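Trainee: Here you go, one structure.
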Amino acid sequence: MSMVADLPCILRQYDAEMRADPPPEPGVSRAWSGGVLRTTGAYHLIGYSALAGADVDREIEAQVAFFRTLGVAVEWKLYGHDRPCDLAAHLAQAGFVADETEHFMVCDLEAGTFDDLPPDGIEIRQVRDLTALEDFALAAGLAFDRDETCALDAYAARLADPTLALLVAYDDGRPVAAGRLEMPRGRAFAGLWGGGTVPGHRGRGIYRALVAARAWEALWRGYRYLTVDARATSRPILERLGFIELTRVTGWTLAP
C-alpha cells in the first residue's frame with residue numbers, strides 16, 4: 001500500500017503515540033482536565049483534546065481560568081482533523097489568537113529520498129559540546145531573526161541525550177544553518193524542528209542537505225516516520241524529499 005493510501009492510519013497512529021500519550025520531556029508535566037491534555041512547566045501547551053460531544057465552551061473556559069490563574073501564556077495546538085470541526089471558532093470566542101497555519105507533513109523514512117549532499121564548501125556537523133552549541137544558537141538566531149540564547153540553557157544539559165540531535169551547517173568554519181531532531185523513545189515518529197538558513201546562504205540547497213542529514217540520523221536510529229510543521233515556503237522542498245501533508249496545524253495563543 002502506498003503511503004498516500006495509508007495516511008489516515010498514520011495520522012491515527014501519530015495522534016495515539018505523540019498527542020494523546022506524548023513522550024516524557026524534561027522540565028514539563030502533563031495532566032488531563034476534562035477532555036483536554038495540558039502541558040505545564042518549561043512551556044505551556046494544549047496539544048490534544050477530545051471534545052466531540054462535550055460542552056466545548058465550558059471546557060475551554062476551564063482552561064482559560066487555569067492558565068490565567070498561573071499568569072502565563074498558553075498555546076492550543078489545533079490540527080485540521082480535530083473535533084468538533086468548529087473548535088477554532090470557539091477558541092477565538094474565548095480570546096485565543098491564531099498564529100500562521102502550517103503544513104503538518106510526514107515522510108516514510110523507508111521510502112524517502114535523502115541523497116542530498118551539502119553544496120561545495122558546506123560541512124554539516126552534529127553538536128557535541130558547548131562551543132558547537134553556541135554556533136547552533138548563533139545560526140538559528142540569524143536564520144529566524146530572534147534571540148536564541150535560550151537554546152544554550154535548554155540544550156546544554158541534553159548534549160549526551162540520545163533522543164536529541166542538533167546539527168549545524170558551516171561555510172568555511174562559519175555557522176550558516178541549524179536544525180534540531182527529536183527522537184522520543186518507544187515511538188515510531190521522530191520530529192524535525194527549527195531548520196533554518198541565514199540570509200545570504202539561502203537557495204543553495206543547504207536546507208535540503210540539513211533535512212537529509214537529520215533523516216538519515218532518524219533512520220539509523222530505527223524510526224519509521226519523520227514529521228515536521230512546515231511553512232508554505234518549505235513545503236515544496238520537503239515534498240521533493242518525499243514528505244506528504246497529513247493535515248494542517250495552527251497554534252492558537254492565549255495571552256496571560
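Trainee: Relative to the present Cα-Cα distance, how much length would full extension add between Asp145 and Asp99 at 0.36 nm per residue of separation?
Mentor: Taking Asp145 through Asp99 to full extension adds about 14.8 nm, to one decimal.
Trainee: From the phi of every residue in the stretch 202-217, what ³J(HN,Hα) in whole Hz does the Karplus formula 6.51 cos²θ - 1.76 cosθ + 1.60 yield, where θ is phi - 60° and glycine or proline is x?
Mentor: My calculation for the stretch 202-217 gives 6, x, 10, x, 5, 4, 4, 5, 5, 5, 4, 4, 6, 5, 4, 5 Hz in order.
Trainee: Another question, then. Sort 45-55, 109-119, 202-212 by the packing proxy (mean of other Cβ within 10 Å over each peptide's residues), most packed first.
Mentor: With the highest mean Cβ count within 10 Å placed first, the list reads 202-212, 45-55, 109-119.
Trainee: What is the gain in length, in nm to one decimal, between Asp129 and Ala50 on full extension, counting 0.36 nm per residue of separation less the C-alpha to C-alpha distance?
Mentor: Length gained between Asp129 and Ala50: 24.3 nm.
Trainee: Would you kindly state how much longer the chain becomes between Ala20 and Arg185 on full extension, computed as 0.36 nm times their sequence separation minus their alpha carbon distance, in nm to one decimal?
Mentor: 57.8 nm is the gain from fully extending Ala20 to Arg185.
Trainee: If you don't mind, there's one more thing I want to ask. For labels at Asp86 and Ile237 in the simple 7 Å Cα→Cβ model, what's the distance in nm?
Mentor: The two pseudo-label positions are separated by 4.0 nm.
Trainee: Report the calculated FRET efficiency for Arg30 and Ala73 (r = Cβ-Cβ distance, R0 = 22 Å), to the nearest 0.05.
Mentor: Efficiency for this residue pair is about 0.80.
Trainee: Please work out the Cα center distance from the stretch 162-204 to the stretch 61-87, rounded to the nearest Å.
Mentor: So the separation of the two Cα centres works out to 29 Å.
Trainee: Please give the per residue accessible area of the chain, computed with a probe of 1.4 Å over protein heavy atoms only, in Å².
Mentor: It amounts to 49 Å² per residue over the chain.
Trainee: Can I ask one more? Sorted from largest down, what three extents in whole angstroms do the Cα atoms of the stretch 130-256 have along their principal axes?
Mentor: Sorted from largest, the Cα extents of the stretch 130-256 read 41, 34, 32 Å.
Trainee: Determine ³J(HN,Hα), in whole Hz, for all residues of the stretch 42-51 in sequence, where each value follows from phi through the Karplus function 6.51 cos²θ - 1.76 cosθ + 1.60 and θ = phi - 60°; x replaces Gly and Pro.
Mentor: 4, 8, 10, 8, 10, x, 7, 8, 10, 10
Trainee: Check which residues have an amide H placed less than 5 Å from Leu164's amide H, if you skip close sequence neighbours.
Mentor: Under 5 Å from the amide H of Leu164 lie the amide H atoms of Met183, each far enough along the sequence or on another chain.
Trainee: On to the next question. Restricting things to alpha carbons, find the Rg to Rh ratio for the chain using the Kirkwood radius for Rh.
Mentor: A ratio of 0.97.
Trainee: Note down the relative contact order for the stretch 134-231 as a percent, whole number, built from C-alpha pairs under 8 angstrom at least six residues apart.
Mentor: 27
Trainee: Could you give me the ³J(HN,Hα) list for the stretch 156-161, computed from phi with Karplus coefficients 6.51, -1.76, 1.60 and θ = phi - 60°, whole Hz, x at Gly and Pro?
Mentor: Once rounded to whole Hz, the list reads 4, 7, 10, 4, 9, 7.
The values are calculated or read from the model by the stated rules, or taken from the named source; none is laboratory data. Because the structure is a prediction, the values reported are computed rather than measured. Counting neighbours? That spans all protein chains shown, and the Cβs are built from the backbone with ideal geometry, glycine included. Only protein heavy atoms, including side chains, enter the accessible area calculation; ligands, DNA and RNA are left aside. Shrake-Rupley method; radii C 1.70, N 1.55, O 1.52, S 1.80 Å.
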